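So the structure is just underneath, and the comments pick up after that.
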Amino acid sequence: MDYLSEISEQLQFPIERQFHVLKHFVDIDKDYELIMLKHYSKEDINYTLNNLGSYFYKDFSDNPVSLLKSLLDKKINSIGVDAVTKNIHLSYSFSKNEYIDGIGLDNLVAIEELRPDEVLAIKTKYLGGNKVQSVRSEAKPTWDLHLILAKQSDSYIVITIFLGKYAPPFPDYKHQSKEYYLENKKFWDKHIFIE
């Protein structure tokens, strides 16, 4: 598969997955907001839009559905399959000539890349029930995007779409195997969000 359009008839993007992807937006268009308000409260939408994490510039995309549609004819850089979940990972890179300032801001950084004063200022907080670390620092523009799909018998379900560095799921010992939990924990012990 070189292009997502090759499986577009089999793609499904359930409303709960769209809501999950909202955390990578700071604003959405009004028509899409009306659709989301049929399923979620205004407070829940605003909370999700104001979460920690990397986010798309509005001039790149103004909602998760238009974002997915924009990927249909975009050449896929690489395809991988997660050994544990069997989810399909599609990665994309956008042109620095076309998107001079990037497609958004990558608010994820390795702790080893921080200055000593930033390391001392790391805070711990909860994000959707997950304990995460964050620090005030400057986010960097990114041109990279990741799309994660779950293959069903006759369809592909969008699990998430995000930008910047690839990041595995938060560690969850209740719902992940010990090996998968430790692998995810290893990553998140060494990476933090930029506020």
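Just so you know, all these numbers are worked out from the coordinates, no wet-lab data involved. Everything quoted here is computed from the prediction, not taken from an experiment. Reconstructed Cβ throughout: ideal geometry from the backbone, glycine too, with neighbour counts over all protein chains shown.
Name the one entry in Gly102, Gly128 that is within 15 Å of the chain's Cα centre (by Cα) and at positive phi.
Gly128
Looking at the stretch 94-119, which of its residues are over 20 Å from Gly53 (Cα atoms) and among the polar types (S, T, N, Q)?
Matches in the stretch 94-119: Ser95, Asn97.
Working only within the stretch 120-146, note down all residues that are in a loop (DSSP other than H, G, I, E, B), surrounded by 13 or more Cβ atoms within 10 Å (Cβ to Cβ) and touching an Asp or Glu at 6+ places or on another chain (Cβ under 7 Å).
Once the filter is applied, which keeps residues that are in a loop (DSSP other than H, G, I, E, B), surrounded by 13 or more Cβ atoms within 10 Å (Cβ to Cβ) and touching an Asp or Glu at 6+ places or on another chain (Cβ under 7 Å), the stretch 120-146 yields Ser137, Ala139.
Of these, Ile103, Ile111, which one is of a type in the set (A, V, I, L, M, F, W, C), surrounded by 11 or more Cβ atoms within 10 Å (Cβ to Cβ) and out of contact with any helix residue (DSSP H, G or I) (no Cβ under 9 Å at 6 or more places or on another chain)? Write out each step before concluding.
Numbers: Ile111 fails: out of contact with any helix residue (DSSP H, G or I) (no Cβ under 9 Å at 6 or more places or on another chain).
Answer to the selection: Ile103.
Quickly run through the stretch 22-52 and pick out the residues that are within 24 Å of Ala167 (Cα to Cα), aliphatic (A, V, I, L, M) and without any contact (Cβ under 8 Å) to a residue 60 or more places away in the chain.
Leu22, Val26, Ile28, Ile45, Leu49
In the stretch 62-99, how many are part of a loop (DSSP other than H, G, I, E, B) and either touching a residue at least 24 places away in the same chain (Cβ under 8 Å) or in contact with a strand residue (DSSP E or B) (Cβ under 8 Å, 6 or more places away or on another chain) (or both)? If you could, list the steps in order and put the result at the bottom.
At the first step, the residues of the stretch 62-99 found to be part of a loop (DSSP other than H, G, I, E, B) are 62-63, 72-74, 76-77, 82-87, 94-99.
From what is left, the residues that are either touching a residue at least 24 places away in the same chain (Cβ under 8 Å) or in contact with a strand residue (DSSP E or B) (Cβ under 8 Å, 6 or more places away or on another chain) (or both) are 62-63, 72-74, 76-77, 82, 84-87, 94-96, 99.
Residues meeting the conditions: 16.
Got a number for residues in the stretch 52-99 being in contact with a Lys or Arg (Cβ under 8 Å, 6 or more places away or on another chain) and surrounded by fewer than 16 Cβ atoms within 10 Å (Cβ to Cβ)?
Residues that pass the stated criteria total 1.
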